[in-house]
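Worksheet: one structure, shown below.
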Amino acid sequence: MDADYRAGPAETRPVDSDAAQSVPPRRRPRLRRWPRRAAYLCTVLLAAVTTASLVYNVCTAGRAAPPRGLRYVQAADVRTRYRTWGTSGSPVVLVHGAFEQADTWSRLAPILARDHRVYALDLTGDGYSERRGPYSVAHLTRQLLGFLSAMHLGGPGERPLLVGHSSGAAVVTEASLRAPARIGGVMLLDGDALDTGVGPPSGLTYLLIDPYRTSLLRLGLGSDWLIRSFYDAQCGPACPPLNSAGVDEWRRPLRVPGAETALWNMIGQSVPGLPAGQVARLAAVRIPKSVVFGAQDGMFSTQTPQQTARRIGAPPPILIPRARHLTMISNPCQVAAAVEALAGTRRATP
């Protein structure tokens, strides 16, 4: 019995060998299960993320109210928010760039107001003006010219200097081409007015779909650190740091009703601009012109200021040392001096 018992395992070894040889055929079905498991896990994860996004969007659906005491006027087809500084002197109209507003000029405007009546408006799509598309140069220019009419500017003795920052440079350029007799001079500040196609990648509009894009936008706007980081990168060390009120000034316009829809419409397009040939037509317009850039503006190449000045028939550009893209915030005195120089050229021009 003992011998038979000891022999038993030895006799079964060939069977074990056959079983070992049959393992590979059983593994292949297991390998085929992994893609299905991965797809299942991805589906579960997507459902969880989508549910979390929807819940977050519902919880953050409340919109911010515009600050109290804002002033509005009907400019063409847009109910337009605006600000004014100063009570005497020749008029200066300040036109902001993308994702800015009239308050962006709050450091420069009081300096100009010592000798000028200063106006700043919120272009539609930004700030607290009514959101009304399309958010194109043509439509923004109609709003600007409508604003001049509403403020009774553009007639004899009331022709304003237009200062356009960043993408606002395209708007003041187009306004000067459409109505040169109503414009007293034009300054391109940190902007070349060109339609360069700069903007988000085209594929981004397919990736950023709801509810995820709404969640990402609201998460980003909720981060004080992210807003301060963007501001510091564009403004530079010469700019005053953003306190809580400053953060709210940049964030609140993107939280008012209609802002998110307008933002996604604008993101679907490139930054507003004009073809180079159209910008070059400004050279034939007999009004004073000026080009001012921050010397360290990372948004443009080092050749852009000179190229822009030559293109529009302006004198050599004014470069503000160590300044970046928001020169009206970082260096308001230097920008004000450039505006005064342009005003002096205007007075000397018959």
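The values are calculated or read from the model by the stated rules, or taken from the named source; none is laboratory data. Worth saying up front: this structure is predicted, and the values here are computed from it rather than measured. As a convention, Cβ positions derive from the backbone with ideal geometry for all residues, glycine included, and neighbour counts pool all protein chains shown. Note: areas computed on protein heavy atoms with side chains; ligands, DNA, RNA excluded. Shrake-Rupley method; radii C 1.70, N 1.55, O 1.52, S 1.80 Å.
Brief remarks follow.
- Every condition in (1) modelled with pLDDT under 95; (2) open to solvent by 60 Å² or more (accessible area, probe 1.4 Å) is met by I318 except one, and the failing one is (1).
- Residue in the range 95-111 that is part of a loop (DSSP other than H, G, I, E, B), more than 23 Å from R251 (Cα to Cα) and open to solvent by 10 Å² or more (accessible area, probe 1.4 Å) present: no
Every residue, every condition in (1) closer than 21 Å to L188 by Cα; (2) touching a Lys or Arg at 6+ places or on another chain (Cβ under 7 Å); (3) not in a loop (DSSP other than H, G, I, E, B), yes or no:
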residue	(1), (2), (3)
W225	no, no, yes
R228	no, no, yes
P241	no, no, no
R251	no, no, yes
M266	no, no, yes
S270	yes, no, no
A280	yes, yes, yes
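- When the range 167-191 is filtered for residues that are in a loop (DSSP other than H, G, I, E, B) and within 16 Å of the chain's Cα centre (by Cα), the ones remaining, listed by number, are S167, D190, G191.
- For the range 136-164, the set of residues classified as open to solvent by 20 Å² or more (accessible area, probe 1.4 Å), assigned to a loop (DSSP other than H, G, I, E, B) and not acidic (D, E) consists of S136, M151, H152, G155, P156, G157, R159, listed by residue number.
- Identity of the residue in the range 117-132, under 16 Å from the mean Cα position of the chain (by Cα) and surrounded by fewer than 24 Cβ atoms within 10 Å (Cβ to Cβ), that ends up nearest to L263 (Cα to Cα): R131
- Residue check for R114: charged (D, E, K, R), more than 25 Å from Q278 (Cα to Cα), in contact (Cβ under 8 Å) with a residue 40 or more places away in the chain and open to solvent by 10 Å² or more (accessible area, probe 1.4 Å): no
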